[in-house]
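Have a look at the structure below, then the notes.
The values are calculated or read from the model by the stated rules, or taken from the named source; none is laboratory data. Computed from a predicted model, the values in this text were never measured in an experiment. Neighbour counts run over all protein chains shown; Cβ positions are idealised from the backbone, glycine included. Calculation scope for accessible area: heavy atoms of the full protein, side chains included, ligands and nucleic acids excluded. Shrake-Rupley method; radii C 1.70, N 1.55, O 1.52, S 1.80 Å.
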Amino acid sequence: MNKNINLFRAELRRGMTLLKAYPLDTINNLISFTVVSVLIIIGINKIGEPQQIFSVFLFPIIMTLISGPSSSIRSDIEIGVFEQVYTSKYTILSVGVIRSIINAIFSSANSILIFVIVQLFFYNTKWKIVELLFVFVITVLTSISLGVFLAGLTIKFRKTETLLNLINIMVLIELIVPFTAMSSNIIYIVSAILPFSGIIVCIQNIYNEIANLNEIYLFLTTIGNLFIIIVFSNFVFNKCMKCAKIKGDLGNY
Amino acid sequence: MAYEKLIVCSNIFKKFGKVEIFENMNITIESNQIIGLIGENGSGKTSFIKLISGMLLPDQGNIYLFDKEIKREKDIIALKDKISILGDANRSLYWNLSGMDNLIYFWTVKTGLNKKAGLMLINELVDKFNMGSFINKKVESYSKGMKQRLLLVVALLGHPKLLVMDEPLNGLDYENTVILKNYINEFVNKENGTVLLTSHNSRFIDEVCDTKFVIKNKRIEKISNVERGERVIVVYYKCLKNKDSCLNKYIREEREENIFRVETYINDKDFYKELSWQIDNDNIELLEII
């Protein structure tokens with residue numbers, strides 16, 4: 001545990017130094033992301049249902065956690081430090097996951113800003129902290145697991161940016177689909193198939209103050225979905241790692 | 001703890017597609033010495049380093065490091081603090097961080113300990129390698145020699161038992177080569193470490209190494225226990241015909257366009273035969289013999 005805390009601190013220090021080293025990029029990232037999110041929110045507000053808006057603020061965190069491990073591996077390969085990190089006390093996966101958690105902490109500034117804008121200019125909602133905390137934890141674990149899956153593919157196939165873009169678009173679409181307006185059967189089916197839909201239904205239910213988390217089926221499919229994603233992602237990662245080691249692709253461009 | 005046999009590779013087979021790199025390769029490397037590994041480009045030097053660092057798995061055969069077989073990821077992680085690999089200094093460092101930030105970061109990554117626990121050792125090494133004047137500048141502003149020194153310090157952070165250096169002389173000037181050479185000797189003699197280095201520069205290998213291995217015919221063969229400083233002959237020649245085939249089985253460097261420097265042991269009879277044949281057939285023009 002101490003070992004991971006030390007790595008977390010070291011990565012946080014490194015991340016902060018890099019943020020300070022590129023101030024224009026840091027500010028531009030915050031502004032452009034918020035502007036795009038607000039435009040999406042305005043669009044949903046015009047044609048959709050208000051409950052669709054509330055999951056948008058999770059988007060920056062989800063996106064960062066999904067892309068984190070794979071972009072960490074990719075950037076280490078490009079800079080040339082992959083071998084140094086690989087022959088260290090940590091697995092490359094733990095380094096990648098801790099880096100993506102740190103980046104998610106940085107990008108939570110985007111989430112907070114979007115959340116405040118929604119509260120001030122669109123809807124002022126009372127938030128149920130316990131339910132939201134549950135949803136947040138499931139969201140983080142699902143996103144990291146998808147990140148591990150992508151990291152495995154990056155180790156094997158090296159470039160996975162297009163797949164990442166596709167996943168980001170899918171997540172964004174999931175975030176704004178008005179699930180609660182659909183019939184229960186469709187919700188159950190969708191939540192069993194798509195990784196984030198159960199979470200989003202939970203958020204939309206919390207907003208509508210209907211059902212909360214009492215719908216056992218929804219709760220179980222969301223947890224079950226997470227469990228499957230964790231097992232599947234780890235399997236893919238280990239398989240890809242072994243395959244790259246056999247073929248000699250590990251650390252190659 | 002002393003490990004008599006630091007690296008043992010037995011019956012290693014490795015293929016990349018149709019290209020066979022190792023065929024029934026066996027090697028035993030003993031601890032507390034400087035080992036040189038030579039071989040032509042593409043002969044498998046870097047693949048060998050990747051095999052012993054766990055970055056590459058053999059198709060067949062077993063690899064033992066520090067008396068433990070490396071097979072699964074957890075076996076490799078357990079041995080990581082004993083091995084340090086020095087790659088190309090132009091890469092292998094975070095160039096957008098300062099030298100000190102690199103050292104602090106890699107200290108934690110290599111040892112699992114916090115910054116505080118490593119500061120004393122870091123400062124000690126910075127002083128030892130005379131890096132005080134530039135350590136707080138960004139790595140992107142460093143010369144090749146500065147980067148190589150920094151990378152050497154990074155490699156030493158976790159008190160490794162085995163230091164693997166892949167072409168450490170690439171781009172190093174005379175002064176930095178001397179610093180490196182001295183440090184390698186000190187690491188082995190005072191810290192009981194073992195150094196495995198690959199280099200195209202056979203003079204450097206001869207001067208520094210206790211044992212030499214060559215990758216030949218998909219196997220690694222021990223050449224001899226060389227006496228440090230054993231006499232060598234250095235020949236400069238101009239290639240008049242196909243430069244890829246003249247004296248290409250010797251370790252050679254292209255100094256200028258078609259001008260080569262080749263060196264070997266002074267009693268290497270095969271070399272003289274080959275040299276005479278090349279001259280007689282007007283393949284090369286002899287420029288200088290030292």
Taking B:Lys144, is it closer than 30 Å to A:Ile5 by Cα and among the basic types (Lys, Arg)?
-> no
Does B:Ile85 satisfy the condition of being under 20 Å from B:Phe213 (Cα atoms) and in a helix (DSSP H, G or I)?
-> no
Residues in the range A:1-12 that are at the interface with another protein chain (Cβ under 7 Å from one of its Cβ atoms) and under 21 Å from A:Ser107 (Cβ atoms): how many?
-> 3
Taking interchain pairs and intrachain pairs at least six residues apart, which have beta carbon atoms under 6 angstrom, with the first residue in the range A:77-96 and over 21 Å from B:Ser47 (Cα atoms) and at the interface with another protein chain (Cβ under 7 Å from one of its Cβ atoms) and the second of a type in the set (Asp, Glu) and assigned to a loop (DSSP other than H, G, I, E, B)?
-> none
If we keep just the residues of the range B:81-97 that are at the interface with another protein chain (Cβ under 9 Å from one of its Cβ atoms) and surrounded by fewer than 20 Cβ atoms within 10 Å (Cβ to Cβ), which is farthest from B:Asn170 (Cα to Cα)?
-> B:Asp81
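Take the residues in the range B:137-158 that are farther than 23 Å from B:Thr46 by Cα and not acidic (Asp, Glu); name whichever of them is most open to solvent (accessible area, probe 1.4 Å). Lay out the reasoning, then the answer.
Looking only at the range B:137-158, we keep the residues that are farther than 23 Å from B:Thr46 by Cα, and these are B:137-143, B:146.
Remaining after also requiring not acidic (Asp, Glu): B:137-139, B:141-143, B:146.
On the way: B:Lys137: 114, B:Lys138: 74, B:Val139: 3, B:Ser141: 77, B:Tyr142: 16, B:Ser143: 60, B:Met146: 53 Å².
Once the filter is applied, the top-ranked residue is B:Lys137.
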When residues of the range B:164-209 are filtered for being assigned to a helix (DSSP H, G or I) and either within 11 Å of the chain's Cα centre (by Cα) or not polar (S, T, N, Q) (or both), how many remain?
-> 17
Residue hits (the range B:54-72; at the interface with chain A (Cβ under 7 Å from one of its Cβ atoms) and open to solvent by 10 Å² or more (accessible area, probe 1.4 Å)) are B:Leu57
In the range A:47-59, is there at least one residue being surrounded by fewer than 22 Cβ atoms within 10 Å (Cβ to Cβ), within 14 Å of another protein chain (Cβ to nearest Cβ) and out of contact with any strand residue (DSSP E or B) (no Cβ under 6 Å at 6 or more places or on another chain)?
-> no
Selection from the range B:179-205 of residues of a type in the set (D, E, K, R) and free of Cβ contacts under 8 Å to residues at least 40 places away in the same chain yields B:Lys181, B:Glu186, B:Lys190, B:Glu191
Lone qualifier among A:Phe157, A:Phe149 - being at pLDDT 90 or above and open to solvent by 30 Å² or more (accessible area, probe 1.4 Å) = A:Phe149
Say we look at the range B:115-136 and pick out the residues that are in contact with a helix residue (DSSP H, G or I) (Cβ under 9 Å, 6 or more places away or on another chain) and open to solvent by 20 Å² or more (accessible area, probe 1.4 Å); which of these is modelled with the highest pLDDT?
-> B:Asn136
